[in-house]
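Below is one structure, written out as structure tokens, with a few remarks after it.
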């Protein structure tokens with residue numbers, strides 16, 4: 001199985017969260033079954049692309065019958081590992097860190113925020129969404145005492161490499177980097193560099209085409 | 001020209017900001033020329049994919065010589081419309097709105113933030129990054145007095161549709177939606193729905209594969 005999964009192209013992997021979200025919306029609307037054609041209209045991807053994407057994971061659907069929405073939602077959630085209860089910490093309790101910590105979407109997707117860290121004395125000890133902000137000096141102690149899967153980096157650019165290395169050294173396996181830089185680790189660590197200006201640039205392009 | 005540009009697939013458009021960022025990094029490092037092979041390693045895309053992508057816009061490079069970094073950076077910036085000085089407003093001055101307003105990356109990409117709006121009396125009148133937060137009641141007046149190209153929506157989910165419609169009615173051509181919902185407008189309005197939990201789900205998947 002694992003050698004099959006490894007062949008899944010990055011663009012397909014990037015579409016999985018979108019499928020998952022859309023299917024969740026359909027469930028909320030009480031929709032039980034959807035054809036790849038109808039799903040393709042919603043997703044703005046061709047129906048054949050959808051079938052191709054799903055074939056990487058063994059299909060899911062019966063030709064002519066469409067997909068069972070709840071089953072497909074649950075299967076994709078499983079593939080994404082959303083049922084594993086991955087734990088996260090946020091390092092950097094500035095505006096962006098606070099926004100991410102306060103929002104319940106991460107939790108809804110199965111992630112557990114178990115720690116928030118900052119180096120600002122005036123913030124340490126305050127609570128965000130019921131979690132006390134800890135000193136970044138205590139990062140290693142916390143990481144040794146608690147299994148943390150994913151580190152969310154909302155520290156300033158200048159601090160991101162050092163912070164990332166500290167997390168990885170203590171066993172963190174994935175990093176979500178919001179510091180407007182490109183973090184690169186060896187293959188052992190998964191990294192998602194999030195650039196919030198990218199969609200703004202895409203938007204600028206799209207406006208020009210209208 | 002415009003009928004050619006219309007055929008550019010969405011995935012290619014999504015890669016343009018990444019190319020733009022990488023080339024900017026190369027310029028900072030003083031690199032003048034890069035082969036599609038070297039660029040492909042950096043971008044984690046195949047060299048033939050890069051050539052294919054660039055062919056949508058007429059090429060840019062000479063076989064064997066590689067690409068002139070500064071020229072390519074400037075061409076892609078032009079295609080993205082980053083030299084047009086698009087104006088933006090942020091509606092919703094909560095943590096996320098403040099984070100986006102405080103960061104200078106949008107400005108560096110050529111976007112001009114000219115207004116921030118909220119409905120919270122305790123925030124209205126305060127300054128974020130030198131811009132006074134205005135009452136959302138004054139949105140229409142402001143939009144009639146100022147050309148605004150892009151609206152950045154960091155309002156709560158329940159307010160997003162109404163806010164988006166108010167912006168569009170006053171001539172805003174693009175919306176960047178951070179409200180964890182899927183906004184859909186007719187083809188006249190460009191929308192980028194940003195889901196901050198998507199990269200977290202992708203990360204969860206990648207961790208499972210390691």
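Read-outs: derived from the displayed coordinates by stated rules, not from any lab. Remember, it's a predicted structure, so these values are computed and weren't measured experimentally. Because the Cβ atoms are built from the backbone with ideal geometry, glycine has one as well, and the counts that use them run over all protein chains shown.
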> For segment B:2-80, what does the alpha-carbon gyration tensor say about shape, rounded, prolate or oblate, given a ≥ b ≥ c as the root eigenvalues, a/c under 1.5 as rounded, and a/b over b/c as prolate?
Replying inline: prolate
>> Under a crude label model (7 Å from the Cα following the beta-carbon direction), how far is residue B:52 from residue A:29 in nanometres?
In response: 3.2
> In degrees between 0 and 90, to the nearest 10, how far off the longest principal axis of chain B does helix B:10-28 point, with axes built from Cα atoms?
Replying inline: 80
> Label-to-label distances across copies for residue B:78, with labels 7 Å out along Cα→Cβ, in nm, shortest first?
Replying inline: 5.3
>> Quick check: the angle from helix B:160-169's long axis to the longest principal axis of chain B, C-alpha only, nearest 10 degrees?
In response: 80
> For chain A, what does -39500 (n - 2.57) per DSSP helix run (n ≥ 4), summed and divided by total residues, give at 222 nm, in deg cm²/dmol to the nearest 500?
Replying inline: -12500 deg cm²/dmol
>> Using Cβ contacts closer than 10 Å as the measure, can you line up A:172, B:194 from fewest to most?
In response: B:194, A:172
>> Label position 7 Å from Cα toward Cβ: report the copy-to-copy distances for residue A:125 in nm, one decimal, ordered from shortest.
In response: 3.1
> Taking the Cα centre of each part, how many Å lie between segment A:152-210 and segment B:13-27?
Replying inline: 14
> What fraction of the DSSP beta bridges in segment B:87-193 is antiparallel, stated in percent and rounded to the nearest 5?
Replying inline: 10
> Of the beta bridges DSSP finds with both residues in chain A, what % are antiparallel, to the nearest 5?
Replying inline: 20
> Counting DSSP beta bridges with both partners in the protein assembly as shown, what percentage is antiparallel, nearest 5?
Replying inline: 20
>> Neighbour counts of other C-beta atoms within 10 Å: give me A:90, B:128, B:150 arranged from fewest to most.
In response: B:128, B:150, A:90
>> Using a 7 Å offset from the Cα along the Cα-to-Cβ direction at both residue A:102 and residue B:87, what is the distance between the two label points in nm, to one decimal?
In response: 2.8
> Who wins for biggest fluctuation among A:133, A:148, A:45 in a Gaussian network model of chain A, springs between alpha carbons below 10 Å?
Replying inline: A:45
